[in-house]
1. Give me P(r) over the chain, computed from all C-alpha to C-alpha distances, binned every 5 Å, as integer percentages.
2. Within the range 25-122, report the GluC sites (Glu not before Pro) that DSSP leaves as loop and that have at most 12 other Cβ atoms within 10 Å.
3. Which residue, Thr94, Ile80, Ala163, has the largest displacement toward the positive end of the dipole of the chain when charges sit on each Cβ (Lys, Arg +1; Asp, Glu -1)?
4. Using only helices, what value at 222 nm comes out for the chain when you add -39,500 (n - 2.57) per DSSP H run of length 4 or more and divide by the total residues, to the nearest 500 deg cm²/dmol?
5. Hey, can you list the DSSP H helices of the chain whose Cα span along the axis is 30 Å or longer and whose average Kyte-Doolittle score is at least -1.0?
6. Report the extension gain between His135 and Glu183 in nm, rounded to one decimal, defined as 0.36 nm multiplied by the number of residues separating them, less their alpha carbon distance.
7. Any idea of the accessible area per residue across the chain, 1.4 Å probe, to the nearest Å²?
8. Could you grab the relative contact order for the range 150-200? Cα pairs under 8 Å, six or more apart, rounded to a whole percent.
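The values are calculated or read from the model by the stated rules, or taken from the named source; none is laboratory data. Since we're looking at a predicted model, the values are computed, not measured. In this analysis, Cβ positions are derived from the backbone assuming ideal geometry, glycine residues included, and neighbour counts consider all displayed protein chains. The protein model used for the area step is the full one, side chains on, heavy atoms only, and it has no ligands, DNA or RNA in it. Shrake-Rupley method; radii C 1.70, N 1.55, O 1.52, S 1.80 Å.
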Amino acid sequence: MSADAQNNRLVVNKGFKKFDDLQVLDDIDFVAEPAEFVSIVGTSGCGKTTLLRIISGLEPATKGEVMPGEERVRGPNLGIGTAFQSDRLMPWRTVKKNITLGLELRRRGKAVDRAKVDALLPLFGLKEFSESYPHQLSGGMKQRVNLALAIDPKVLLLDEPFAALDAQTREVMQTELLRIWGETKKTVVFITHQIDEAVYLSDRVVVLRRRPGRIREIVKIDLPRPRELSVKRSPEFNEYVEYIWEQLEGDVKAAELDERSMIAGEGE
Ligand SMILES: Nc1ncnc2c1ncn2[C@@H]1O[C@H](COP(=O)(O)OP(=O)(O)O)[C@@H](O)[C@H]1O
Ligand SMILES: [Mg+2]
């Protein structure tokens, strides 16, 4: 593998995480290959965000290591970009200035080439909105800016970035993400609890089980690319969704029971 391609490879090796007595992640091992799209699915509370925070260096693992390329993650890492469900936009800055500042912060204050920002705007379908302020943007547009802020590095981590969007906007953003991924060849780790979203987007889907969060299975999605939205109506697509759902079904029920007992407990 070339040195450059090697840099886009992400290795998570024996990741363990405990919060006090709660074992949240247990022996998590996986590799995202260069330019691969990997999704992580699992029920609420199974440790997806914790895993992502560990990969991005925002949270230390109790044990194990994360390596984008050759180097081990020891703290917030310039080689990894992260986007979360809620955007991190500054309301008093225009789209263009938000992107410029975001890229500068990521580069620890180093000035960003104006041409670079100008090239990102059309890539994310934001050209007409470059002088708009966040409050003038729809949810989907805000998420485009949020993704643009994270795209600079070679490994892109996305934590349920479309969860707050309505169904149609969400589908538009899924196709947009695939287009951007195709054009930029990033390695993507995408977290979602929506199984059809994971199947539609991914080369492989990592299915997590809960308490403790372990990898139940890694499912390879052999659907041809480029993928049109109509693939979601194909029998092959639905077989994948069904299969992953079966893996998660027990966990979903257990999570629901937990929640009910918590609500019951609150009333005591
Ligand atoms: N900082 C923390 N301190 C203690 N427990 C935490 C902390 N962050 C997350 N947890 C617990 O770890 C578990 C996994 O959380 P999280 O990674 O947010 O799950 P998910 O993103 O899959 O919904 C939950 O039970 C949560 O309460
Ligand atoms: Mg989460």
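1. Values per bin, smallest distances first: 1, 6, 12, 16, 18, 17, 13, 9, 5, 2, 0, 0, 0.
2. On the way: sites: Glu36, Glu65, Glu70, Glu71, Glu104; in loops: Glu36, Glu70, Glu71.
Filter output for the range 25-122: Glu70, Glu71.
3. So the residue we want is Thr94.
4. Details: 8 runs with 105 residues, N = 268.
Dividing the helical sum by the residues of the chain leaves -12500 deg cm²/dmol.
5. 235-266
6. Values: separation 48, 0.36 × 48 = 17.28 nm, distance 2.87 nm.
Gain in length upon complete extension: 14.4 nm.
7. Details: 13510 Å² over 268 residues.
Result: 50 Å² of accessible area for each residue.
8. On the way: 33 pairs, mean separation 27.2, N = 51.
Value for the range 150-200: 53 percent.
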